Amino acid sequence: MAKIEHILDGAVALYQRLDMGTQTWTARYKIRGMKGHVSKSTGKRDLEEAKEFAREKYHELSADHRRGIAIHSHTFQRAVDAYLEDLDANIALRKTTARTKRDNKAVIDRYLLPYFKTKAIDAIKQENVEAYKAWRLNYWTTGPGVEDTTREYMRGGKLIKSKRPTMGQTQRSGEILVLRAIFKSARKRGWVKREQIPEIEEEKREENRRPAFSASEWKRILAAMPRYIESANGPVSEHDRKLLCAYMQFMFETGLRPGKEHQQLTWADCELVKQKAEVGHVGITHIHVRDDTKTGKRLAVSSEETWQVLNQIKAFSPWTKPHDPVFADRVTGRPIKTFVKGMEALLKTVGLERDRHGDKFSPYSLRHSYATDRLINGRVDVWLLAKNMGTSVEMIRKHYGHDEPQQRSQELTHDKAQFDSDAWFKILKENPALADELLRKANLPEGPIFDPDAPVAEPDPNVPRRRAKIRLSDMLG
């Protein structure tokens with residue numbers, strides 16, 4: 001039997017389920033103007049403490065009901081359903097992709113729902129989130145996944161199978177961000193208040209430095225390509241090496257992601273557009289990235305050099321119809337999934353398998369090199385670059401352009417640089433035309449022509465002279 005105590009003229013009933021071994025008091029609230037009851041645990045074993053808690057909670061619930069705030073608790077499962085509904089709406093508005101929904105739902109089904117499913121969304125406290133992090137850290141080592149021999153997860157909208165991790169996983173930032181988004185959907189519907197949401201912060205990671213080719217390294221690679229192709233052992237190897245070299249140049253010029261973005265690219269997705277320039281016209285290559293990629297459909301813009309690389313591929317590839325893949329297997333015509341091994345072989349001949357930090361180069365290094373090159377040499381606005389690459393400004397700032405301050409040091413120090421007067425006088429004397437050009441580029445007003453052989457003018461006695469600085473040696477002398 002449950003022991004029942006009434007307070008506030010019967011508006012609140014407190015009871016213990018001693019027959020079920022529960023010693024804490026639960027309060028059942030009858031809110032004026034609302035049908036039914038609301039039951040919530042007080043978390044107290046002492047009756048007087050439970051009464052005090054219940055009185056405060058009753059007035060809080062009554063105030064929420066008057067303001068139109070839902071006071072019935074919703075489970076975490078319902079909050080998840082609301083989050084998925086919001087994702088569907090964003091997919092329809094092209095604010096996100098179906099791939100994102102598939103990937104996030106896989107994370108929810110594997111980790112978040114089994115842990116939080118039956119808990120009320122407004123009852124999840126900071127300690128619950130921290131406990132989840134600890135549980136998740138050991139999921140595959142001592143937790144529910146310890147008996148599995150393999151693990152399955154979604155990546156890029158595809159089901160991936162791999163061996164079960166043998167160590168605790170420390171990086172769970174993606175899951176934490178999904179959990180935060182679930183709370184956001186619940187708050188939007190009034191199921192949880194802002195102050196009830198625990199602090200769900202993305203876990204700090206070590207800096208993810210992404211190796212990129214420097215300008216000099218890329219020149220070495222380009223210079224080695226003709227010799228690498230010529231040394232091929234037979235026509236099959238020669239074709240493969242030609243395609244590899246063209247692939248590397250294409251990816252360096254466009255910044256596309258290795259993987260789906262290059263695999264799905266067909267000849268129909270590439271076009272050369274002529275645009276007016278200061279003198280005549282200039283060619284711009286348009287690359288139409290497909291919808292079923294990491295960040296969805298977009299137009300990537302590149303230079304005419306990219307179009308020249310595409311024409312080089314057309315010259316030797318047997319697959320050049322509009323809907324054929326640009327990077328097609330010589331025999332089957334299917335997209336080549338990866339160029340990792342071919343790229344490693346080429347870089348080995350150049351002696352560039354790793355960067356100066358010891359990080360190994362990969363096809364993704366071409367994307368990183370593109371970003372760094374556009375930031376440093378192209379002086380491209382970071383927002384525009386992010387749009388062209390299908391990423392965010394935050395990602396650009398976080399992962400690319402590591403050497404930008406070093407390579408653009410003159411811009412950072414030009415106003416403090418010491419003037420090399422000897423070199424400037426020499427230019428003025430030997431090459432006045434070059435001096436005029438340097439002044440024009442510096443956007444400085446033209447001054448009187450300097451004649452190094454002219455006599456030194458006498459100072460004007462009517463012009464006040466600047467007071468000379470007094471040195472400590474003068475005072476001591």
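Each reported figure results from applying straightforward, stated rules to the coordinates on display, with no laboratory input. Source: prediction; values computed, not measured. All Cβ positions, glycine included, derive from the backbone under ideal geometry; neighbour counts span all protein chains shown.
Protection proxy ranking for 113-120, 182-189, 17-24, using the average of other Cβ atoms within 10 Å per residue and placing the highest first: 182-189, 113-120, 17-24.
Can you tell me the relative contact order of segment 31-148? Whole percent, Cα pairs under 8 Å, sequence separation 6 or more. 22 percent.
Distance from the C-alpha centroid of segment 69-124 to that of segment 272-301: 37 Å, rounded to the whole angstrom. Exposure proxy ranking for LYS321, LYS294, based on other Cβ atoms within 10 angstrom of each Cβ and starting from the fewest, stands as LYS321, LYS294. Summing Cβ point charges (Lys, Arg +1; Asp, Glu -1) relative to the Cα centre of segment 304-353 gives a dipole of roughly 260 debye. If you average the sequence gap of Cα pairs under 8 Å that are 6 or more apart and divide by the length of segment 278-325, what percent do you get for the contact order? Rounded, it is 28 percent for segment 278-325.
Which whole-number percent of Cα pairs in segment 3-66 have a distance greater than 13 Å? The share of Cα pairs beyond 13 Å in segment 3-66 comes to 58 percent. In segment 215-409 the Cα-Cα distances spread across 5 Å bins starting at 0 as 1, 7, 15, 20, 20, 17, 12, 6, 2, 0 percent of all pairs.
A simple charge model with +1 on the Cβ of Lys and Arg, -1 on the Cβ of Asp and Glu and nothing else charged puts the dipole of segment 53-138 at about 240 debye relative to its Cα centre. Charge dipole of segment 215-409 (Cα centre as origin; +1 on each Lys and Arg Cβ, -1 on each Asp and Glu Cβ, all else neutral): 240 debye, rounded to the nearest 20.
Peptides 191-197, 106-112, 255-261, 125-131 ranked from most to least packed, by the mean per-residue count of other Cβ atoms within 10 Å: 255-261, 106-112, 191-197, 125-131. Among LEU137, LEU244, the ranking by other beta carbons within 10 Å of each residue's beta carbon, starting with the fewest, stands as LEU137, LEU244. Going by neighbour counts of Cβ atoms within 10 Å, the residues HIS323, HIS37 line up, fewest first, as HIS323, HIS37. Modelled label positions at ALA345 and ASN90, each set 7 Å beyond Cα in the direction of Cβ, lie 4.3 nm from each other. Of LYS219/LYS314; LYS119/LYS297; LYS105/LYS341; LYS219/LYS274, which sit over 30 Å apart, Cα to Cα? Distance filter (> 30 Å) returns LYS119/LYS297; LYS105/LYS341. The local environment of TRP267, defined by Cβ-Cβ distances under 11 Å, has a net charge of -1 under the rule Lys, Arg +1 and Asp, Glu -1. Whole-Hz Karplus values for segment 222-239 come out as 4, 5, 7, 4, x, 5, 5, 5, 5, 7, 5, 9, x, x, 5, 5, 5, 4 Hz, taken residue by residue from phi with 6.51 cos²θ - 1.76 cosθ + 1.60 and θ = phi - 60°; glycine and proline positions read x.
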